[in-house]
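The values are calculated or read from the model by the stated rules, or taken from the named source; none is laboratory data. Since this is a predicted model, take the numbers as computed values, not measurements. Because the Cβ atoms are built from the backbone with ideal geometry, glycine has one as well, and the counts that use them run over all protein chains shown. To get the accessible areas, we keep the full protein, side chains included, count just its heavy atoms, and leave off ligands, DNA and RNA. Shrake-Rupley method; radii C 1.70, N 1.55, O 1.52, S 1.80 Å.
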Amino acid sequence: MNVALAGLPLAGKTCLFTALSQGAVDSAANPARPEHPNAAMVALPDARLDWLAEHYGSKKRTHVQVEFLDLPGLAPGRPDLAAQNTAIMEHLRRADALVCVLRAFDSPRVPGKADPRADRAALHAEFLLSDLDTTLRRIEKLEKQVTKPSADRDAARKELEFLARCRQALEAEQPLHGLAHTDAERAILRGFASLTEKPMLTVLNVGEDHAGRPAEAAAAYPDLGPAVALCASLEAEIAQLPPADRAPFMAELGLDRLHAPDVALGVHQALDRITFFTENEKEAAARSLPRGGTAVQAAAEVHTDMASGFVRAEVVNFQDLQKAGSVKQARADGHVRMEGRDYVVRDGDVILFHFTR
Ligand SMILES: Nc1nc2c(ncn2[C@@H]2O[C@H](COP(=O)(O)OP(=O)(O)OP(=O)(O)O)[C@@H](O)[C@H]2O)c(=O)[nH]1
Ligand SMILES: [Mg+2]
């Protein structure tokens, strides 16, 4: 899973990247460049994993990891930066999901007044235009193709019909997200790496005076829909402190918890993925699976051998396990089930795979 931070210049993307990655990359020494973004793996926090690891005394804890990319800001309407914008858009296209970072703070370090509504509209317009451009070019190519007899003429005709719907949506300023209904249509959108089809999470970067109460600052923009609000600059500073030194600083700011992890969690959710767990004394692991994924697909996430030699899955949901207090008790309560390869995994399932080598 890789997620790109998109935003206008100075929206606070690098601060958010530092907050998420806890300073894993020295962005001051190596600023993200259009042709070379900075990347960092970010662990999804999960209290269930902590409970499992403690309960079983597992030596190792493995979190679900999401890769975040920090990129320079997009500058729509700047012909002099067209090459840079194109390079940035290429990275956005390759990402599985986008985080739109919007500036909702005023600072002497950043010129102009904050206007997250206008900034979001400008970003979305860039994405729509870029998708429209790709769609029109593809339509032009296919229209030539269907005039000549060929084996894939029918497929091309079908694609053209779908692309006409895409064009209509984009011209009406509607994103392509949710427009594909069949696997073939989804494959078409994936093929041209549509930007407006991608899961997207909005982040409102609020001022340092609102660090402790970001939601209050976000309440001024209810029309922006669900968004994660945080003060990226201060959360970046806190994330780079040794954990033991964070509490006094946070208390001073009135910050009861960090909000940057919500960005990673929000993206995982926006990608429509669930978390399941595997567990033994050596390792407690949280693993990610697309919603609707089956037991054998879950096994493949752990190891290809487990999928190829899959026999069955012993499943207990975390809630039942926690309530029971132990697998033994959960079993006695009838909460441990044997499931076959087509079982649809639920969020929070703790799974023991039985397989042959
Ligand atoms: N007051 C305030 N300032 C912030 C916040 N986030 C970032 N800043 C400041 O805004 C400036 C830009 O922040 P960056 O994180 O570098 O922004 P960016 O989006 O990465 O900028 P580019 O990469 O140049 O597009 C810096 O001076 C930050 O200290 C915030 O939440 N509140
Ligand atoms: Mg930056």
Given the structure, is Leu74 within 13 Å of ligand 1 (Cβ to nearest atom) and open to solvent by 30 Å² or more (accessible area, probe 1.4 Å)?
-> no
Quick one: would you say Ser288 is in contact with a helix residue (DSSP H, G or I) (Cβ under 6 Å, 6 or more places away or on another chain) and polar (S, T, N, Q)?
-> no
Please list, ordered by first then second residue, the pairs with beta carbon atoms under 7 Å, 6 or more apart or interchain, first in the stretch 19-34 and farther than 23 Å from Pro45 by Cα and within 13 Å of ligand 2 (Cβ to nearest atom), second assigned to a loop (DSSP other than H, G, I, E, B) and aliphatic (A, V, I, L, M).
-> Ala32/Leu71
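Residue-wise test of (1) open to solvent by 70 Å² or more (accessible area, probe 1.4 Å); (2) farther than 27 Å from Thr182 by Cα.
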site: Arg120; (1), (2): no, yes
site: Leu129; (1), (2): yes, no
site: Thr135; (1), (2): no, no
site: Lys141; (1), (2): yes, no
site: Ala151; (1), (2): yes, no
site: Leu160; (1), (2): no, no
site: Gln168; (1), (2): yes, no
What is the one condition in (1) within 16 Å of ligand 2 (Cβ to nearest atom); (2) in a strand (DSSP E or B); (3) over 18 Å from Leu201 (Cα atoms) that Arg61 does not satisfy?
-> (1)
Checking Ala95, Ala6 in turn, the sole residue that is within 16 Å of ligand 1 (Cβ to nearest atom) and assigned by TED's automatic domain parsing to the domain that holds Met250 turns out to be Ala6
Count - residues of the stretch 35-54 that are out of contact with any His (no Cβ under 8 Å at 6 or more places or on another chain) and in contact (Cβ under 8 Å) with a residue 40 or more places away in the chain = 6
Condition met for Gly12 (of a type in the set (Gly, Ala, Ser), in contact (Cβ under 8 Å) with a residue 12 or more places away in the chain and within 10 Å of ligand 1 (Cβ to nearest atom)) = yes
Restricting the stretch 92-109 to residues that are part of a strand (DSSP E or B) and more than 16 Å from ligand 2 (Cβ to nearest atom), the one surrounded by the most Cβ atoms within 10 Å (Cβ to Cβ) turns out to be Ala104
Can you tell me how many residues in the stretch 217-234 are part of a helix (DSSP H, G or I), over 19 Å from the mean Cα position of the chain (by Cα) and either within 14 Å of ligand 1 (Cβ to nearest atom) or not assigned by TED's automatic domain parsing to the domain that holds Met250 (or both)?
-> 4
State all residues of the stretch 15-68 that are under 18 Å from the mean Cα position of the chain (by Cα), open to solvent by less than 40 Å² (accessible area, probe 1.4 Å) and within 15 Å of ligand 1 (Cβ to nearest atom); if no residue qualifies, say none.
-> Leu16, Phe17, Thr18, Ala19, Leu20, Ser21, Pro37, Asn38, Ala40, Phe68
Checked against (1) open to solvent by 60 Å² or more (accessible area, probe 1.4 Å); (2) of a type in the set (Val, Ile, Thr); (3) touching a residue at least 12 places away in the same chain (Cβ under 8 Å), Thr304 satisfies every condition except (3)
